[in-house]
Amino acid sequence: MTGPVLAVDQGTSGTKALVVCPERGVIGSGTAPVRPRHLPGGRVEADPGELLGSVLLAGRAALAEAGEPVAAVGLANQGETVLAWDPRTGTPLTDAIVWQDRRSEELCTELAPHAEALREWTGLPLDPYFAAPKMAWIRRHLTREGVVTTSDAWLVNQLTGAFVTDAATAGRTQLLDLDGVNWSPEALDVYGLADERLPRVVDVAGEVGTTGAFGRAVPLTGLIVDQQAALLAQDVTEPGGAKCTYGTGAFLLAQTGSRPRRGRSGLVSCVAWRLGGRTSYCLDGQVYTAASAVRWLTDLGVISGASDLDPVGTSVPDTGGVTFVPALAGLAAPWWRGDLRGSVTGLGLDTTAGHLVRALCEGIAAQVVELADAAAADLGTPLTSLRVDGGLTRSALLMQTQADLLQLPVEVSALPDVTALGVGALARIGLDPRLSPKEAVPVWTPAAVYEPRVPAAEAATRMGVFRAAVDALPGRAR
């Protein structure tokens, strides 16, 4: 049995750290904010120093609360956030371009003739969401110096001196060969990145180096991208299971097993994890704006925060005819239309804040339904339930709306911070490879299960209204 481990989840708007003991559970926690900058033209940036600082602050706070040493560290990351940096000194050469950033749209348009080949090689559609277009944009417009990588490679280098990335994170770049789980020469050539020095692709569990950043030197033994960490923590390890995390965006992943399934319903085919040299794959769908749409409504003064969703939304019985498509950063899967703008329609003099809140919940939930339907189509079998986690799962209104539109039970995780728990489990496996994922991950027990309360015909009607609103969305001016 391994001792406690420090599990760090470096996210878009903050970092969460947990000290997890296999016998006693979470014995320490810490958080630190990150403040990405939302700039004109769909640009989203973060200060790399703030990312690293948040990891150190949160990790040290968790250790201080635990009051005892740990045996290892695990790190989860944002996935598609990239930067250029000097590998000799570790100094950032650019700001971090966040996964939501759309500045590489023109580059993607230029590479459109290669879209199908890129999807076949890497499992990913051609879109600015992924890391490779951002990496190529940095090389064209900012600097040819140093290396350009996803943020995890820089963070790991700062912590340990190693130059690595894990297989799941590498699978989010559009530069990884999906079948071989190694860098694709063909994809690198398309992006003009063939001469780049790239990090070594490693398993998600196993020692990659040691760090003294949190006190005495301990090994870093778990590395994974955030959504795959949540998939593991929710025990979705067999084909056909699915989970959705409601954070800054919403992310649905469906396990497909040991073979990649290149779906044709608009979902991404990618690496779930690689353990002991054996790869598991998943289908992945994204909603760009979930909690960030709630924050947008908060900034407008309609509500004071996410805690208002239920009291304000339940002040009215329905949306009052209001339809909200929260495409505030475009639409991801299954549409892949980053140029689209959001819309609120059906407004009247009798529209209240409650109607807007209900319409927002409906818009978020409807996009997740589209992802679940696409996953079922690609798997060839319907989903039987949906396991969910993330901050917005605290909203009973959103979760009930999700169950109603999905027409399936929605099982809410009893464990907060499942991303950190997932990478904590990998850190334990990295220390003791004899552990299986099921042995390392806490037993799944939902805190609540939301059953559909409306008939299928009503759900279909409401989804039809949402789809019509999507079809009418305006595009972003060029």
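Go through the residues of the stretch 32-47 one by one and say whether even a single one is β-branched (Val, Ile, Thr), surrounded by 24 or more Cβ atoms within 10 Å (Cβ to Cβ) and in contact with a Ser or Thr (Cβ under 7 Å, 6 or more places away or on another chain). First the steps, then the outcome.
The first filter runs over the stretch 32-47 and keeps only residues β-branched (Val, Ile, Thr), leaving 34, 44.
If we keep only those that are surrounded by 24 or more Cβ atoms within 10 Å (Cβ to Cβ) too, we end up with none.
No, the stretch 32-47 contains no residue that is β-branched (Val, Ile, Thr), surrounded by 24 or more Cβ atoms within 10 Å (Cβ to Cβ) and in contact with a Ser or Thr (Cβ under 7 Å, 6 or more places away or on another chain).
Look through the stretch 14-31, keep the residues that are in contact with a Gly (Cβ under 6 Å, 6 or more places away or on another chain) and either under 10 Å from GLU65 (Cβ atoms) or charged (D, E, K, R) (or both), and return whichever of them is surrounded by the most Cβ atoms within 10 Å (Cβ to Cβ). Selected residue: ALA17.
Give the residues of the stretch 438-464 that are touching a helix residue (DSSP H, G or I) at 6+ places or on another chain (Cβ under 7 Å), in a helix (DSSP H, G or I) and either β-branched (Val, Ile, Thr) or at pLDDT below 95 (or both), sorted by residue number. Quick ask: steps written out before the conclusion?
To start, the set of residues in the stretch 438-464 that are touching a helix residue (DSSP H, G or I) at 6+ places or on another chain (Cβ under 7 Å) comprises 440-442, 450-454, 459, 462-463.
Imposing the further condition that a residue be in a helix (DSSP H, G or I) reduces the set to 440, 459, 462-463.
Within the stretch 438-464, ALA440 is the sole residue that qualifies.
Looking across the stretch 236-280, the residues that are more than 13 Å from the chain's Cα centre (by Cα) and without any contact (Cβ under 8 Å) to a residue 40 or more places away in the chain come down to GLU238, GLN255, GLY257, SER258, ARG259, ARG278. Apart from one condition, ARG60 fits all of (1) under 24 Å from ARG37 (Cβ atoms); (2) part of a helix (DSSP H, G or I); the exception is (1). When each of ALA374, ALA468, ALA425 is tested for being part of a helix (DSSP H, G or I), exposed (fewer than 15 other Cβ atoms within 10 Å of the Cβ) and either in contact (Cβ under 8 Å) with a residue 12 or more places away in the chain or among the small types (Gly, Ala, Ser) (or both), the lone residue that passes is ALA468.
Residue pairs whose Cβ atoms lie under 8 Å apart, sitting 6 or more positions apart in sequence or on different chains, and linking a residue in the stretch 146-161 that is free of Cβ contacts under 8 Å to residues at least 60 places away in the same chain and over 11 Å from ASP86 (Cα atoms) to a partner that is aromatic (Phe, Trp, Tyr) and surrounded by fewer than 21 Cβ atoms within 10 Å (Cβ to Cβ), are ALA153/PHE163.
For the stretch 397-423, which residues satisfy the criterion of being hydrophobic (A, V, I, L, M, F, W, C) and over 22 Å from the mean Cα position of the chain (by Cα)? First the steps, then the outcome.
Kept after step one, since they are hydrophobic (A, V, I, L, M, F, W, C), are these residues of the stretch 397-423: 397-399, 403, 405-406, 408, 410, 412, 414-415, 418, 420-421, 423.
Residues satisfying the conditions are LEU397, LEU405, LEU408.
For THR165, the criteria (1) within 21 Å of PRO260 (Cβ to Cβ); (2) touching a Pro at 6+ places or on another chain (Cβ under 7 Å); (3) assigned to a loop (DSSP other than H, G, I, E, B) hold in every case but one, which is (3). Among the residues of the stretch 171-198, those identified as touching a Pro at 6+ places or on another chain (Cβ under 8 Å) and crowded, with 19+ Cβ neighbours inside 10 Å are GLN174, LEU178, TYR191. Filtering the stretch 429-443 to residues that are under 25 Å from PRO409 (Cα atoms) and surrounded by fewer than 17 Cβ atoms within 10 Å (Cβ to Cβ) leaves LYS438, VAL443.
The values are calculated or read from the model by the stated rules, or taken from the named source; none is laboratory data. Keep in mind it's a predicted model, so treat the numbers as computed, not measured. Quick reminder, even Gly has a Cβ in these numbers, built from the backbone with ideal geometry, and neighbours come from all protein chains shown.
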